[in-house]
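**Student:** Mind having a look at this structure? Questions to follow.
The values are calculated or read from the model by the stated rules, or taken from the named source; none is laboratory data. The structure displayed is predicted, hence computed values, not measured ones. As a convention, Cβ positions derive from the backbone with ideal geometry for all residues, glycine included, and neighbour counts pool all protein chains shown.
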């Protein structure tokens with residue numbers, strides 16, 4: 001039986017993970033649940049799954065959470081803060097860590113889980129974008145394994161041969177990541193000037209958190225996935241392509257030297273990828289409705305519009321630039337999306353903020369955690385100044 005730490009338990013990935021876990025009580029138990037500041041939601045999950053440890057990132061929420069659990073008469077230890085989160089990811093209460101904290105906030109706990117040799121189920125793509133080389137070192141040091149939870153990377157993982165360290169030797173020609181195109185597929189930049197947060201978060205296929213929904217609307221989510229694929233599969237950027245597939249049924253494809261294309265298909269439900277990663281190399285029921293190909297009838301594909309959705313182009317540029325460019329890309333994007341959701345920045349200002357951040361990114365790479373976090377902080381401050389200018 002595997003014992004899980006679910007970091008980001010109250011988010012969409014956390015909810016889907018716990019749904020799969022609840023279907024297989026003979027296989028999985030929950031040792032740790034962690035959230036940012038959602039006291040009531042985390043307490044309800046603790047009542048249902050009975051973890052040994054609950055971690056709330058916001059220290060001001062520790063006593064309210066403890067009081068809520070006391071009212072439920074739950075024997076669950078409560079801790080708070082970044083250090084507690086890192087310790088939980090590396091600690092004895094779990095052998096498997098679901099890294100589903102959104103953004104740079106999930107980096108240190110992800111690295112801690114990797115160094116501790118846990119089975120790491122990775123949904124936090126930003127950790128790879130910021131510190132891909134450092135994560136690889138941590139995995140090698142800990143001797144654990146990483147399984148991607150992003151539907152696209154999970155699909156690629158399923159389509160690659162077992163033990164795929166060298167893609168060229170495996171006969172892989174290209175990795176093709178599919179993108180739904182988001183809610184604004186087919187529109188031009190002039191039509192996006194007055195877009196509201198609610199419009200950007202109305203994804204046609206997936207139910208996701210607001211930050212990742214905006215990333216999908218700008219295609220930055222796909223840009224981050226290109227960088228993630230580069231690190232996870234040791235693939236050069238020129239072998240990673242993005243194709244828009246509005247039905248979100250083909251989750252990604254791998255093209256081989258003989259012309260074969262292997263694809264993973266399924267309904268747009270994250271529980272498929274989560275169940276695969278949880279049970280790998282076995283397969284288990286995920287609770288997902290079977291795909292009806294006859295009812296579906298058609299699958300469409302088109303090239304992404306890199307002029308309208310500049311964020312995807314900027315991600316490729318950051319990957320090519322090296323140095324601290326991918327750190328700057330991620331930091332500027334997080335700050336810009338937060339400003340857009342708060343009504344402080346127009347939708348098209350997201351790409352403008354990121355482009356400005358990339359122009360300031362040092363060419364020298366950040367090689368350790370302290371340097372990465374410092375580069376992240378510097379890029380955030382630069383982005384905040386740009387946002388203030390664009391909002392004026």
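**Student:** Please verify whether residue 142 is modelled with pLDDT under 95 and either surrounded by fewer than 19 Cβ atoms within 10 Å (Cβ to Cβ) or on the phi > 0 side of the Ramachandran plot (or both), treating the condition exactly as stated.
**Tutor:** no
**Student:** A further question follows. Please specify each residue of the range 94-113 satisfying the condition of being part of a helix (DSSP H, G or I), touching a strand residue (DSSP E or B) at 6+ places or on another chain (Cβ under 7 Å) and modelled with pLDDT of 95 or more.
**Tutor:** Across the range 94-113, the qualifying residues are 109, 110, 113.
**Student:** Of the conditions (1) without any contact (Cβ under 8 Å) to a residue 60 or more places away in the chain; (2) in a helix (DSSP H, G or I), residue 299 fails just one. Which one is it?
**Tutor:** (2) is the only condition that residue 299 fails.
**Student:** Related question: Conditions: (1) in contact with a helix residue (DSSP H, G or I) (Cβ under 6 Å, 6 or more places away or on another chain); (2) at pLDDT 95 or above. Residue 183 meets all but one. Number of the miss?
**Tutor:** (2)
**Student:** Step by step: first the residues of the range 63-95, then only those that are touching a residue at least 40 places away in the same chain (Cβ under 8 Å) and closer than 16 Å to residue 9 by Cα, then the one that is farthest from the chain's Cα centre (by Cα). Which residue is that?
**Tutor:** 93
**Student:** Then there's this: Just a yes or no: is a residue in the range 366-382 surrounded by 20 or more Cβ atoms within 10 Å (Cβ to Cβ), out of contact with any strand residue (DSSP E or B) (no Cβ under 6 Å at 6 or more places or on another chain) and in a loop (DSSP other than H, G, I, E, B)?
**Tutor:** yes
**Student:** Would a scan of the range 314-324 turn up a residue that is assigned to a loop (DSSP other than H, G, I, E, B) and buried (at least 22 other Cβ atoms within 10 Å of the Cβ)?
**Tutor:** Checked against the condition, which is being assigned to a loop (DSSP other than H, G, I, E, B) and buried (at least 22 other Cβ atoms within 10 Å of the Cβ), the range 314-324 yields at least one hit.
**Student:** With respect to residue 229, is the statement that it is under 18 Å from residue 127 (Cα atoms), buried (at least 23 other Cβ atoms within 10 Å of the Cβ) and modelled with pLDDT of 95 or more true?
**Tutor:** Criteria met by residue 229.
**Student:** Of (1) in contact with a helix residue (DSSP H, G or I) (Cβ under 8 Å, 6 or more places away or on another chain); (2) assigned to a helix (DSSP H, G or I), residue 347 satisfies all except one. Which?
**Tutor:** Of (1) in contact with a helix residue (DSSP H, G or I) (Cβ under 8 Å, 6 or more places away or on another chain); (2) assigned to a helix (DSSP H, G or I), only one is false for residue 347: (2).
**Student:** Still on this structure, please answer the following. Can you name the residue in the range 114-140 that is out of contact with any helix residue (DSSP H, G or I) (no Cβ under 6 Å at 6 or more places or on another chain), in a helix (DSSP H, G or I) and free of Cβ contacts under 8 Å to residues at least 40 places away in the same chain and, of all such residues, is farthest from residue 365 (Cα to Cα)?
**Tutor:** Ranking the qualifying residues of the range 114-140, first place goes to 140.
**Student:** With 8, 31 as the choices, which residue is on the phi > 0 side of the Ramachandran plot and touching a residue at least 60 places away in the same chain (Cβ under 8 Å)? Outline the logic, then answer.
**Tutor:** Details: 31 fails: on the phi > 0 side of the Ramachandran plot.
Going through 8, 31 in turn, the sole match is 8.
**Student:** Please tell me if residue 173 is within 19 Å of residue 274 (Cα to Cα), in contact with a helix residue (DSSP H, G or I) (Cβ under 8 Å, 6 or more places away or on another chain) and surrounded by fewer than 20 Cβ atoms within 10 Å (Cβ to Cβ).
**Tutor:** Working: within 19 Å of residue 274 (Cα to Cα): no; in contact with a helix residue (DSSP H, G or I) (Cβ under 8 Å, 6 or more places away or on another chain): yes; surrounded by fewer than 20 Cβ atoms within 10 Å (Cβ to Cβ): yes.
No: the conditions fail for residue 173.
**Student:** Could you tell me how many of the residues in the range 204-213 are over 17 Å from residue 100 (Cα atoms) and either in contact with a strand residue (DSSP E or B) (Cβ under 9 Å, 6 or more places away or on another chain) or crowded, with 19+ Cβ neighbours inside 10 Å (or both)?
**Tutor:** Number satisfying all stated conditions: 0.
**Student:** Name the one entry in 312, 296, 329 that is closer than 25 Å to residue 185 by Cα and modelled with pLDDT under 95.
**Tutor:** Only one candidate qualifies: 296.
**Student:** Sort through 43, 60 and tell me the only one that's more than 22 Å from the chain's Cα centre (by Cα) and either outside any helix (DSSP H, G or I) or buried (at least 22 other Cβ atoms within 10 Å of the Cβ) (or both).
**Tutor:** Going through 43, 60 in turn, the sole match is 43.
**Student:** For the range 11-21, name all the residues that are in contact (Cβ under 8 Å) with a residue 24 or more places away in the chain and not in a loop (DSSP other than H, G, I, E, B).
**Tutor:** Listed by number, the residues that qualify are 12, 13, 14, 16, 17, 18, 19, 20, 21.
**Student:** I've got another one for you. In this structure, does residue 300 turn out to be over 23 Å from the mean Cα position of the chain (by Cα) and closer than 30 Å to residue 365 by Cα?
**Tutor:** no
**Student:** Can we say residue 281 is at negative phi, surrounded by fewer than 18 Cβ atoms within 10 Å (Cβ to Cβ) and outside the structural domain of residue 29 (by TED's automatic domain parsing)?
**Tutor:** In short, yes.
**Student:** Would you list the strands (runs of 3 or more DSSP E) that sit entirely within the range 217-273 and hold 2 or more residues that are under 19 Å from the mean Cα position of the chain (by Cα) and more than 15 Å from residue 151 (Cβ to Cβ)?
**Tutor:** 240-244
**Student:** State whether one or more residues within the range 97-113 are touching a residue at least 12 places away in the same chain (Cβ under 8 Å) and more than 30 Å from residue 213 (Cα to Cα).
**Tutor:** no
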